[in-house]
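I am attaching a structure below and will ask some questions about it afterwards.
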Amino acid sequence: NHKGEHRELAFKLNALNIITGKSRTGKSAIISIIDYCMGRSTFNVFDGVNKDVISWYSVTYQFNNKQIFIAKKPPKKGKSSNSEACIHIGEKIGIPSQVQLHVNTNDDGVRSQIEKELNLKDNLTFRTESGEDAYKANLKHTKSFIFQEQGEIANKKSLFHRQDEPF
């Protein structure tokens, strides 16, 4: 937050993490925060005190023997997106202090770094039967397989996260 305090939520690596708890404690915001710190510019975290109190949202991603710490400020007042980010890469990264947080990349840089670690750099789909051009699979395509919100688990009409959204 603006005072330099932080709240940490540790996930179990290489496992399914199910988050449970009382209502209105921020569980629903976790997927949106992780998504935002994976290079999504649109800020989908709920409105309210959360935006006014938090100065940076951050996530540390673990890749084999490397960690990537990504932090993003919430959008400025009246805006719904922010593409500026802070990234730190190393073997073991703790939570940086507020003075160590500074914008040094953008969402394209964040996605590029994560895609590099996921080995998504050299791939190309085939042209589809409907005539759509070939495209490269990227980080955005993986998100529907790694996130699932509460309402999506029991939904009979969609299997994957954000499947009900256009394209």
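Can you work out ³J(HN,Hα) from phi for every residue in the stretch 88-98, in order, using Karplus 6.51 cos²θ - 1.76 cosθ + 1.60 and θ = phi - 60°, giving whole Hz and x for Gly and Pro?
For the stretch 88-98, the Karplus curve yields 10, 10, x, 5, 9, 10, x, 7, x, 6, 4 Hz.
Something else about it: Under 26 Å Cα to Cα from Lys73, which lysines show up? Leave out anything in the same chain fewer than 8 places away.
Leaving aside lysines fewer than 8 places away in the same chain, those within reach of Lys73 are Lys3, Lys12, Lys27, Lys51, Lys92, Lys116, Lys140, Lys143.
Relative to 2.2 N^0.38 Å, what does the C-alpha radius of gyration of the stretch 3-101 come to as a ratio? Two decimals please.
1.09
Something else now. Any idea what the dipole of the stretch 1-128 comes to, in debye rounded to 20, about its Cα centre with Lys/Arg Cβ at +1 and Asp/Glu Cβ at -1?
Using Cβ point charges on Lys, Arg, Asp and Glu, the stretch 1-128 gives about 320 debye.
Roughly speaking, to the nearest percent, how much of the stretch 1-109's 1.4 Å accessible area is carbon and sulfur?
49 percent
Beta carbons within 10 angstrom, averaged per residue: use that to sort the peptides 6-18, 91-103, highest first.
In decreasing order of mean packing, 6-18, 91-103 become 91-103, 6-18.
For the stretch 23-97, what is the accessible area per residue in Å², given a 1.4 Å probe and the full set of protein chains?
Spelled out: the 1.4 Å probe surface of the stretch 23-97, per residue, equals 55 Å².
While we're here: Between Ser80 and Leu9, 0.36 nm times their residue separation minus their Cα-Cα distance comes to what?
Fully extending the segment from Ser80 to Leu9 adds 23.1 nm.
Would you kindly derive the ³J(HN,Hα) couplings of the stretch 32-45 from the backbone phi angles with the Karplus curve 6.51 cos²θ - 1.76 cosθ + 1.60 (θ = phi - 60°), listing them in order in whole Hz, with x for Gly and Pro?
Listing the rounded values in order: 4, 5, 4, 4, 4, 8, 9, x, 8, 7, 5, 9, 9, 6 Hz.
In nm, give the distance between the simple-model label positions of Arg24 and Asn1, each being 7 Å from the Cα along the Cα-to-Cβ direction.
According to this spin-label approximation, the distance is 1.7 nm.
The values are calculated or read from the model by the stated rules, or taken from the named source; none is laboratory data. These numbers come from a predicted model, not from an experiment. Methodologically, a virtual Cβ is constructed for each residue, glycine included, from the backbone with ideal geometry; neighbour enumeration extends over all protein chains shown. Please note that ligands, DNA and RNA were not included when accessible areas were found on the heavy atoms of the full protein model with its side chains. Shrake-Rupley method; radii C 1.70, N 1.55, O 1.52, S 1.80 Å.
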